[in-house]
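The values are calculated or read from the model by the stated rules, or taken from the named source; none is laboratory data. Predicted, not measured: the structure shown is a model, and the values here were computed from it. With ideal geometry, Cβ positions are generated from the backbone for all residues, glycine too; neighbour counts draw on all protein chains shown. The protein model used for the area step is the full one, side chains on, heavy atoms only, and it has no ligands, DNA or RNA in it. Shrake-Rupley method; radii C 1.70, N 1.55, O 1.52, S 1.80 Å.
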Amino acid sequence: MPFLHQVFLNNTFAAYGMAIAILIAGFILIQIVRSIVLGSLQRWAKQQQSPLDQRLINIFSQPLMRLLYIGTVYIAIANLNLHPILGQTLKVLAVILATVTGIQFLSRFSEYLVRAYLIRKGNPELEQSFNVLTPFIRAIFWAVGFVFLLDNLGFDISAMVASLGIGGLAIAFAAQGILQDLFSYFSIVFDRPFSIGDFIIVGDYLGTVEQIGIKTTRLKSISGEQLILANTDLTSSRVRNFKRMEQRRIVFTLGVIYETPAEKLKQIPAMIEEIIQGVEGVTFERAHFASYGDFSLNYEVVYLVNTGDFNSYMNCQQQINFALFEAFAAAGIEFAYPTQVHYLQKQEQTDP
């Protein structure tokens with residue numbers, strides 16, 4: 001057909017027809033892939049009743065459809081005899097769109113993998129920490145993707161990478177304290193020396209962990225005020241975590257007066273043992289006549305509270321104290337208290 005060989009804008013009508021045919025065939029193929037392949041996967045995900053599976057299919061399907069459309073349009077137009085500037089512009093647009101789609105896919109897929117791991121762990125604190133780190137992860141992917149894009153567009157990125165390295169060193173020195181706190185935050189998140197809700201002591205500071213931030217960690221002290229500590233201080237200090245305590249060992253002393261008869265002194269350890277063994281959640285360890293004090297005969301008592309909760313320990317100690325007071329009163333044993341006894345000696349007078 002002579003009409004097909006006629007030239008319009010440096011291309012024959014046959015070439016235009018071929019480009020249109022490629023577009024039509026490509027769009028039909030894309031619709032088949034969407035309806036058959038992706039449709040089957042989406043139905044399977046709904047049967048699994050898992051939001052992660054549905055999200056994974058969306059993560060793959062959206063960039064796949066975009067890449068198929070971009071590829072179809074690029075192949076169809078690239079077969080035409082285009083002006084060099086127009087052809088180069090088409091190539092640049094295709095590379096930019098494909099790179100942006102690839103970056104979005106890799107970023108979302110990596111977030112999906114990490115989130116699936118955290119959900120399997122079942123730790124909401126790690127999920128909260130990951131939500132804070134998500135912008136940094138995306139920024140890293142976009143930075144790497146931008147360098148990749150410039151390289152594919154023909155730019156010399158070696159000088160740019162070198163300048164970025166020098167600038168990065170300058171920024172690192174300027175923000176050294178912030179970076180130290182950031183790395184300390186990573187250490188706290190992954191090593192988990194404490195978690196939100198734990199009662200910790202750091203040096204002279206003690207309180208319940210309320211929030212673990214990128215730069216600081218916030219505690220609520222016993223008296224009610226909020227303590228804000230730098231993450232670097234926490235990772236470089238000795239942290240005592242009482243929330244992780246499974247058993248609390250209690251040592252206390254009591255004293256009786258020196259006038260207590262020896263028979264009753266020997267009965268006291270058995271009395272203490274019987275009282276402590278009668279308290280629920282407490283394991284008796286020992287009770288001994290330990291020492292002679294300035295004004296008392298001292299007994300040392302050791303027992304275990306089978307929980308780390310401070311309120312439970314105080315309830316047990318209170319119950320033991322009440323029982324000891326009642327038992328000693330019934331036995332006629334007196335508790336000692338600071339006293340001083342003065343002995344006066346009368347001197348006999350002699351005649352000269």
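Taking a point 7 Å from the Cα of Glu263 along the Cα-to-Cβ direction, the residues of region 321-341 with backbone N closer than 15 Å to it are 331-333. Legend: calculated FRET efficiency, Thr89 to Leu150, from the Cβ-Cβ distance at R0 = 22 Å, rounded to 0.05, equals 0.85. Subtracting the Cα-Cα distance of Ala270 and Gln318 from 0.36 nm times their residue separation leaves 15.4 nm of extension gain.
If R0 is 41 Å, what FRET efficiency do you get for Val251 and Val114 from their C-beta distance, rounded to 0.05? Walk me through the intermediate numbers first.
On the way: r = 46 Å, r/R0 = 1.12.
Result of the calculation: an efficiency of 0.35.
Extending 7 Å from the Cα toward the beta-carbon at both Tyr205 and Ser35 defines two label points whose distance is 6.4 nm.
Spin-label pair Lys243-Ala331: with each label point 7 Å from Cα along the Cα-Cβ axis, the two points sit 4.2 nm from one another.
In region 284-331, what percent of the accessible surface is made up of carbon and sulfur (1.4 Å probe, ligands and nucleic acids excluded)?
On the way: 1390 of 2700 Å².
Whole-percent figure for carbon plus sulfur exposure: 52.
Per residue, region 184-304 exposes an accessible area of 58 Å² to a 1.4 Å probe, with every protein chain left in place. Across region 67-78, rounded Karplus estimates of 3J(HN,Hα) from the backbone phi angles (6.51 cos²θ - 1.76 cosθ + 1.60, θ = phi - 60°) give 5, 5, 5, 4, x, 5, 5, 5, 5, 5, 6, 5 Hz, Gly and Pro being marked x.
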